[in-house]
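Structure record follows, encoded as structure tokens.
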Amino acid sequence: MDTPYDTAAALLPLVGGPANVTSVAHCMTRLRLGLADRSLVDEAALRALPGVLGVVDDDTYQIVLGPGVVAKVTPEFEKLVGRGAELAARGADLRAEQRARNATPGKLLLRRIANIFVPLIPALIGCGVLAGLNGLLINLRWLPGVTGALAVIPSAFLSLIAVFVGYNTAKEFGGTPVLGGAVAAVVVYPGVAKVTAFGVALAPGQGGVLGALAAALLGTYIEKWCRTWVPATLDVLVTPTLTVLVAGLATLYGLMYAAGEISTAIGTASNWLLATTGPFAGLILGGLFLPLVMLGLHQALIPIHTTLIEQQGYTVLLPILAMAGAGQVGAAVAVYFRLRHDTSIRTTIKSALPAGLLGVGEPLIYGVSLPLGRPFLTACAGGAAGGAFVGFFAMLGDKVGATAIGPSGWALFPLLAGNRGLGMTAVIYAGGLLTGYLVGFLATYAFGLTGVTPTPSDSSGTRAPARTT
């Protein structure tokens with residue numbers, strides 16, 4: 001496809017046309033569509049379309065286009081669909097019905113967590129890269145007149161991230177977003193240092209994003225209660241006042257302290273886990289992350305990553321979890337070499353491998369390893385080996401962290417940080433990737449393809465990959 005418009009125009013008829021599309025959104029890599037009738041989707045043609053890296057049939061129908069591309073295609077797709085009031089109303093009704101059918105409490109909670117934190121990822125990435133660049137300049141003693149300014153830019157967002165979390169929390173749970181942001185702002189206001197709770201003076205930022213999330217959630221429920229009981233003539237004055245007052249006091253005299261204790265426990269537990277059981281912890285985390293991604297459960301880790309970044313300046317968990325992608329890449333390369341005569345799956349691997357090297361693993365998961373079955377398990381083995389490698393050095397005191405969440409694979413190098421300097425951190429991370437690649441490749445080559453026979457492409461150029469026995 002030459003342009004985003006061409007891609008959008010090719011996608012639309014394959015998902016049932018404009019009348020079948022009830023909602024359009026996107027995340028970092030996927031075009032997420034609400035569809036009235038999923039039986040109208042021509043999935044085989046979608047998968048064969050140039051530029052489509054994979055599809056995922058979940059609560060929304062998700063077409064994997066890759067980072068950057070999806071952000072350009074989505075607006076063009078929206079223009080082609082048209083989003084009038086009637087469409088929006090119909091889409092809301094259908095989405096509500098679908099969520100009622102499919103949503104369990106756990107899935108609903110994870111989806112809401114993602115809706116709160118995923119919109120913050122682009123800013124976290126940008127600020128993380130700037131923080132890493134500034135650290136490099138400081139270590140090299142280059143441009144001393146610039147480093148002060150570069151330190152301010154990423155720090156400003158991180159110092160106020162609680163406000164954005166509060167805004168998104170209220171928006172997600174049906175409150176007024178700006179009231180959620182106002183209540184969450186209490187957490188980071190410097191004046192809280194003058195307040196004492198439980199005999200201890202509070203500190204600005206205490207509780208971090210967890211405190212902000214709890215404060216905004218409480219504020220949302222207070223606002224909804226007020227909307228129910230406050231007379232309409234007084235609503236505009238009384239509701240926001242009571243919301244900010246009650247939720248603000250609860251935040252100062254309870255939530256900040258409690259969330260601060262939880263945040264501290266998360267940081268302490270993460271450091272203890274890697275310092276005392278590094279290889280074992282890395283093996284478990286790296287080996288289980290691909291199944292978590294497949295099930296969507298990895299979204300539960302986003303607040304933990306964000307809390308660690310707030311506390312320590314980086315999250316020590318993300319580089320270990322990124323090893324799962326390395327195992328996936330190694331497994332895919334093994335499949336490519338073993339199934340020499342299966343032109344269809346080799347074409348899929350060639351198109352998806354660059355994205356996999358940059359940490360976008362869905363195309364390889366859903367297009368290669370998961371359909372084949374056993375290579376998914378050997379990819380997990382590669383991730384476990386890479387995670388154990390990084391965890392071993394963490395136990396020796398060489399921490400490898402990431403200043404932002406989102407990227408992994410090679411794309412994580414600009415965001416690396418640690419306690420032993422950028423050079424050592426990059427070497428350890430690179431060693432983990434190479435270990436994941438190698439073990440994923442060898443395990444798949446030796447054990448992952450027993451019983452798999454090449455499946456020739458049909459006349460449409462698509463195939464249903466044979467599963468291992």
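Comparing Gly207, Val183, Leu217 along the charge dipole axis of the chain, the residue lying farthest to the positive side is Gly207, per the Cβ-charge model.
Annotation for segment 138-162 versus segment 400-435: alpha-carbon center distance of 20 Å. Taking label points 7 Å from Cα along the Cα-to-Cβ direction, Arg338 and Ile138 give a separation of 4.7 nm. If you take the Cα centroid of segment 213-247 and the Cα centroid of segment 304-378, the two points sit 46 Å apart. Long hydrophobic helices in the chain, taken as whole DSSP H segments with a C-alpha length of 30 Å or more on their own axis and mean Kyte-Doolittle hydropathy at least 0.0: 144-172, 208-229, 256-295, 374-395, 422-443. With 0.36 nm allotted per residue and the present C-alpha distance subtracted, the Ala265-Ser39 stretch has 76.6 nm of extension available. Does anything in segment 191-226 have its amide N under 20 Å from the 7 Å Cα→Cβ label point of Val238, and if so which residues? Hits in segment 191-226 for Val238 at 20 Å: 219-226. Think of it as helices only: each DSSP H run of n ≥ 4 in the chain is worth -39500 (n - 2.57), and spread over all residues that comes to -21000 deg cm²/dmol at 222 nm.
Applying 1/(1 + (r/R0)^6) with r as the Cβ-Cβ distance of Asp6 and Val129 and R0 = 25 angstrom yields a FRET efficiency of 0.20. What does the C-alpha gyration tensor say about the overall shape of the chain? Classify as rounded when a/c is under 1.5, otherwise prolate if a/b is larger than b/c, or oblate. In terms of gyration-tensor shape, oblate. Scanning residues 5 or more positions from Val24 or on other chains, those with amide H under 5 Å from its amide H are Gly34, with H placed 1.01 Å from N in the peptide plane. Charge tally for Val329 (other residues, Cβ to Cβ under 14 Å; Lys, Arg +1; Asp, Glu -1): 0. Counted residue by residue at 0.36 nm each, then reduced by the alpha carbon distance between them, the extension gain from Met424 to Ser155 reaches 94.4 nm.
Here, each number is a calculation from the coordinates, and none is a lab measurement. If you're wondering where the values come from, they're calculated on a predicted model, not measured in any experiment. For neighbour counting, all protein chains shown are included, and Cβ atoms are generated from backbone atoms with ideal geometry for every residue, glycine included.
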